[in-house]
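Colleague: This structure is in structure tokens; I'll ask about it shortly.
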Amino acid sequence: MRNSISKIPAYLVLRFIAFFLIVIGLAFLTFAATAFLPVTQILGQQGFALLIGGILLLFIGVLGPVRIIRIGAHIPAEVKKTILVQAIVLPLAGFVFIFSGILNTPISVAWAYFVTGLLILVSAIVGFYALSKKLPRTYYIGEMLGVIKSSGITGDKKNSPADREFMRWTKGISEGALVGEVAPDGRVITLEGEAIFLSSFFGENPSSPLVLNFASYTCPQHRKRIDELHSLMEKWQDQGVRFLTVYTAEAHSEDGWKIAHQYDNDVEYTNEEDFCFYYARSIDDRKKMARWLIEKKHFKMPVVLDSIENGLLKAYNTWPIRLYIINDGKVAYCGEQGPLGYDPASVDRALKNLLNS
């Protein structure tokens, strides 16, 4: 039963929560709509219940989402936005309930229902529903909870593997290379072992942009979006768009930010011993992982390797994954920071704008 529940797509769970909250929010607004009707005379008798409810909401909000935002682990921007929404909604609803409970009048209670109803709708739509749209259809709730658990999200940042690795690779900066600037150059190594410059792939024809995919096998979001990448290639290659994957530092290695059981739902999974991957110590290690990606995922995009010094990862700020479009030697598109900001559909829209402008 537990395994069945863990394999429910996470986006469906989030949308169910959003729908449930919308129903509750609309119910609160319906109660508020009766403010000027005789029935509201009974609302003034709810002061004590509202006072207790407000204290509970305030308590939950401060110990939960407020604490996570203030001292919790480094988390993806999209998840942080959802938690931030709850960090605002819960305490604010708590204060509204407490104030209404103290006044204990029909009008104050009606206003409390009205404001709380609006806050619940914001929580549902801006929080949970917005996050659900960022998730791949094959990203399961068990996997999402595994990432949350492994990040140490409710603990101190200093003890969080997520925060430690993000600081190691990105220095806490989420922005990538700036659009409109000259694309950073650096050394890459082909799978045959030849060292060349990334700029050799740029080209000088504005009608032939290059899509750069910075990624690794150990990023679950990358693995789950490979079919989307392949569809993107099939759509645009005939129109002259070129594609290249730069294999960079692993996203979730055993000696970094490890996620337990993250490969269990991959068709190539055999056992835990076979799926135990570490940060590359040499370019041969990185080459081995790139070939693993190509073989196990039938990866169709050309692949080169970032240097073992991770020069391009740093220049483009790509950890754990990121997408770019290079056009005429300049950055034409910089995708959001992964994992959840990694979105091949946004590259499709950017290519339409670029080639149709």
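Colleague: Heavy atoms only, 1.4 Å probe, whole protein assembly: order Ser174, Ser253 by accessible area, highest first. The partial results should precede the final answer.
Modeller: On the way: Ser174 50, Ser253 0 Å².
The ranking, largest first, comes out as Ser174, Ser253.
Colleague: Nearest 10 degrees, 0 to 90: what angle lies between the long axis of helix 141-151 and the longest principal axis of the chain (Cα atoms)?
Modeller: For helix 141-151, the angle is close to 80 degrees.
Colleague: Under the 0.36 nm per residue contour assumption, what length would be gained going from the current alpha-carbon distance of Lys330 and Val62 to full extension?
Modeller: Here the segment from Lys330 to Val62 would lengthen by 92.0 nm.
Colleague: On to the next question. Can you send over the solvent-accessible area of Cys334, 1.4 Å probe, protein chains only, in Å² to the nearest 10?
Modeller: The value for Cys334 is about 40 Å².
Colleague: Quick one: plug the Kirkwood hydrodynamic radius of segment 48-177 (C-alpha pairs) into Stokes-Einstein at 4 °C, 1.567 mPa s, and report D in µm²/s.
Modeller: 79
Colleague: While we're here: Keeping all protein chains in position, work out how much accessible area Trp169 exposes to a 1.4 Å probe, and write it in Å² to the nearest 10.
Modeller: Solvent-accessible area, nearest 10 Å²: 30 Å².
Colleague: Accessible area, 1.4 Å probe, largest first: how do Ile283, Ile102, Ile141 sort? Mind showing how you got there, number by number?
Modeller: Numbers: Ile283 50, Ile102 120, Ile141 25 Å².
Correct descending sequence by accessible area is Ile102, Ile283, Ile141.
Colleague: Between Phe20 and Thr34, what length in nm is gained on full extension when 0.36 nm per residue of separation is reduced by their alpha carbon distance?
Modeller: Working it through step by step, the gained length comes to 2.8 nm.
Colleague: Using alpha carbons only, how many angstrom separate the centre of segment 236-265 from the centre of segment 267-318?
Modeller: With segment 236-265 and segment 267-318 each reduced to a Cα centre, they are spaced 7 Å.
Colleague: Per 5 Å bin, what percent of the C-alpha pairs of segment 243-350 does each bin hold, from zero upward?
Modeller: The distribution over segment 243-350 is 2, 10, 18, 24, 22, 14, 6, 2, 1, 0, given as percents.
Colleague: Give me the distance in nm between label points sitting 7 Å out from Cα along the Cα-to-Cβ direction at His261 and Arg349, one decimal.
Modeller: Distance between label points: 3.5 nm.
Colleague: Relative to the longest principal axis of the C-alpha atoms of the chain, give the angle of the C-alpha long axis of helix 10-33, reported between 0 and 90° and rounded to the nearest 10°.
Modeller: 30
Colleague: Could you order Leu58, Leu145 by accessible surface area, starting with the largest, using a probe radius of 1.4 Å?
Modeller: Output order, biggest surface exposure first: Leu145, Leu58.
Colleague: Give the angle, between 0 and 90 degrees and rounded to the nearest 10, that separates the Cα long axis of helix 344-356 from the longest principal axis of the Cα atoms of the chain.
Modeller: Taking the Cα atoms of the chain, the angle to 344-356 is about 70 degrees.
Colleague: If the chain between Arg137 and Ala77 were fully stretched, how many nm would it gain, using 0.36 nm times the residue separation less the Cα-Cα distance?
Modeller: 19.7 nm
Colleague: Among (1) 20.1, 63; (2) 24.3, 83; (3) 21.6, 68, which one is Rg and Dmax of the Cα atoms in Å computed from these coordinates?
Modeller: For Rg and Dmax of the Cα atoms in Å, the calculated option is (2).
Colleague: May I ask which of Lys81/Lys314; Lys258/Lys330; Lys7/Lys296 have a Cα-Cα span longer than 32 Å here? Don't skip to the end; give the middle numbers.
Modeller: Numbers: Lys81/Lys314 25 Å; Lys258/Lys330 35 Å; Lys7/Lys296 22 Å.
Pairs exceeding 32 Å: Lys258/Lys330.
Colleague: Something else about it: Could you compute how much accessible surface Asp328 exposes when probed at 1.4 Å, giving the result in Å² to the nearest 10?
Modeller: Rounded to the nearest 10, the figure is 80 Å².
Colleague: On to the next question. For segment 294-310, just list the computed ³J(HN,Hα) in residue order, Karplus coefficients 6.51, -1.76 and 1.60, θ = phi - 60°, integers in Hz, with x standing in for Gly and Pro.
Modeller: 4, 6, 6, 9, 6, 6, 9, 7, x, 10, 10, 10, 5, 4, 5, 7, 6
Colleague: With a point put 7 Å past each Cα toward its Cβ, work out how far Ala27 is from Ile55 in nm, to one decimal.
Modeller: For the pair Ala27/Ile55, the computed spacing is 2.4 nm.
The values are calculated or read from the model by the stated rules, or taken from the named source; none is laboratory data. Quantities reported herein were computed from a predicted structural model and do not represent experimental measurements. Methodologically, a virtual Cβ is constructed for each residue, glycine included, from the backbone with ideal geometry; neighbour enumeration extends over all protein chains shown. These area figures cover heavy atoms from the full protein model, side chains too; ligands, DNA and RNA do not enter into them. Shrake-Rupley method; radii C 1.70, N 1.55, O 1.52, S 1.80 Å.
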